[in-house]
Amino acid sequence: MNRREFLAFVGAGACAEAASRLSLAAFEERSPADVTLRISPVSIEIAPGRVVKTTGYNGAAPGPVLRLPEGKAVTFDVYNDTDIPELAHWHGLFAPAEMDGAAEEGTPLVPPGGSRRYSFVARPAGTRWYHSHIHAGRNLKRATYTGQFGFLLVEPKEEPGRYDQEIFLALHGWNPYLGVAAGSEGTLDAIYEDFSVNSHSLGHGEPVRVKEGQKVLFRILNANSTMTHRLAFPGHKFMVLALDGNPVAVPCEVEILEMGPGERVDAIVTMNAPGVWILGDVDDAVRKAGLGVVVEYANQTGAASWAPPPSSRWDYTIFGHEGSAPVSDAELVPLVFRKKFAGNRWVDNWTINGKSYPKTDPILVRANRRYRLQFDNQSDEAHPVHLHRHSFELRKFAGKPTAGIVKDVVVVPPRSQVEVELVADNPGPSLFHCHQQLHMDFGFMTLLQYAG
Ligand code: C2O
Ligand code: CU
């Protein structure tokens, strides 16, 4: 209940006068929240004359970068100025289920015109994010198709890497519609007319300004609702330090970053190739539709250059310990992903172990035990699967054992198997789903449930 609703509520009673004076004082004594998020319609000009009408946070899209100290108890007031119930989910945090921002876990929705207070301890440290977590179905004006996304950085007590500048880049697609994409056998998919990095399409808005010799830390988020993006930065390499906000076992340099919906990469780039460059999507059509940003060295001018990367290989396991697969006592949980073709010009349905949400079987766990989730993707599409309120460690990727890579989203390639391990250490229902909005809304979801 917000102040206005509170007054209306007490105003309706008979002996409202005294009661109102008393409780209003109590209401107003409630300390202000650490963070206020207001969900409301926004218009953003991603390029001159190209205005996107969407829903955002605090009058912008993306929303503000929220920086919270690790271990701090934080409060969020979320106001909903739209006409549908909304939810903000704190992706990658270990929040209690009733605060996490998923109705399936029991978090109360923020009613239209109303507000709710959420509170939890900011942990674990790292590059997290927040986004809408409602069902969109075939309505691509809702949930993660909108501008409701933003970075939530949980700042560690000690920052390990050294850098001269920190740059946040959030990738997003705009003006989506359901259409038949090339090579998808008549099935409907989300197709985007425009893309942006933060709030502008490539070539518009301010460039990233750098100086020769600087080390720039890029915190990158794929906030696209359905598409995987592959990024390159001609003349430069990305030194990957963290995946999904968690430091990797073996930081290394790569030519491209491949990111499924929901994934984050923290990478340092040493600026050693003076010029004006495009950091953008490797796919020409997607980059030309806006997915990129200009990086401009001091005292350099001219048109931004692009060149395709020499190698487009992306393999999570290079950031892990090779071949180390000590025997673990983890209980195995097989999860088979399949597509159920719904017909031409329909959206496909998805199953986990043969069933679609809400009929899926829950993943049953006991507190403090170790589990190995075995993802078996029997479909021709990649799935960025995500578990709420927990992190997991990659243990096997397409046949290759690995260790030391801790994530909360992992892209399971088509016709492949991936295994991850976790300790069930955060009791309460926790959503497990594909982060591709069109997959999660059409069955690809279940709950991890604690017994007892
Ligand atoms: Cu990023 Cu279920 O969410
Ligand atoms: Cu999927």
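The values are calculated or read from the model by the stated rules, or taken from the named source; none is laboratory data. Since the structure is predicted, the reported quantities are computational estimates derived from the model, not experimental observations. Cβ coordinates were reconstructed from backbone atoms using ideal geometry, including for glycine residues, and neighbour counts include every protein chain displayed.
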Worksheet item: Does segment 397-440 hold any residues that are within 13 Å of ligand 1 (Cβ to nearest atom) and of a type in the set (Asp, Glu), and which are they?
Response: Asp408
Discussion item. Could you go through segment 224-235 and let me know if any residue there is surrounded by fewer than 22 Cβ atoms within 10 Å (Cβ to Cβ), more than 16 Å from ligand 2 (Cβ to nearest atom) and of a type outside the set (D, E, K, R).
Written reply: yes
Worksheet item: What number goes with the only condition from (1) surrounded by 17 or more Cβ atoms within 10 Å (Cβ to Cβ); (2) under 23 Å from Ala223 (Cβ atoms); (3) away from ligand 1 (no atom under 16 Å from the Cβ) that Arg372 does not pass?
Response: (2)
Fill in: Options Glu185, Glu206, Glu253, Glu193; residue that is out of contact with any strand residue (DSSP E or B) (no Cβ under 9 Å at 6 or more places or on another chain) and not assigned by TED's automatic domain parsing to the domain that holds Thr127
Glu185
Fill in: Any chance Asp380 is surrounded by 19 or more Cβ atoms within 10 Å (Cβ to Cβ) and either in the same structural domain as Leu241 (by TED's automatic domain parsing) or more than 11 Å from ligand 2 (Cβ to nearest atom) (or both)
no
Worksheet item: Can you spot a residue in segment 287-295 that is within 27 Å of Arg142 (Cβ to Cβ) and without any contact (Cβ under 8 Å) to a residue 40 or more places away in the chain?
Response: no
Practice prompt. Pick out, from segment 312-394, the strands (runs of 3 or more DSSP E) lying fully within it that include 1 or more residues that are charged (D, E, K, R) and at pLDDT 95 or above.
Written response: 331-340, 370-377
Item to complete: Output the residues belonging to segment 132-145 that are under 16 Å from Lys53 (Cβ atoms) and over 13 Å from the mean Cα position of the chain (by Cα).
Response: Asn139, Leu140, Lys141, Arg142
Worksheet, complete the sentence: For segment 414-446 the number of residues that are touching an Asp or Glu at 6+ places or on another chain (Cβ under 7 Å) and either among the acidic types (Asp, Glu) or in the same structural domain as Gly260 (by TED's automatic domain parsing) (or both) is 1
Worksheet item: From the residues in segment 389-448 that are on the phi > 0 side of the Ramachandran plot and of a type in the set (Lys, Arg), which one is farthest from the chain's Cα centre (by Cα)?
Response: Arg415
Discussion item. Quick check on Val365: is it more than 21 Å from the chain's Cα centre (by Cα) and closer than 26 Å to Arg128 by Cβ?
Written reply: yes
Worksheet item: Of everything in segment 116-144 that's part of a strand (DSSP E or B) and among the basic types (Lys, Arg), which residue is surrounded by the most Cβ atoms within 10 Å (Cβ to Cβ)?
Response: Arg128
Practice prompt. Scan (1) surrounded by 17 or more Cβ atoms within 10 Å (Cβ to Cβ); (2) in contact with a Pro (Cβ under 6 Å, 6 or more places away or on another chain) for the single condition Glu212 breaks and write down its number.
Written response: (1)
Response to the item:
Taking segment 164-207 and keeping only residues that are of a type in the set (A, V, I, L, M) and either touching a helix residue (DSSP H, G or I) at 6+ places or on another chain (Cβ under 6 Å) or surrounded by fewer than 18 Cβ atoms within 10 Å (Cβ to Cβ) (or both), one is left with Leu178, Val180, Ala181, Ala182, Ala190, Ile191
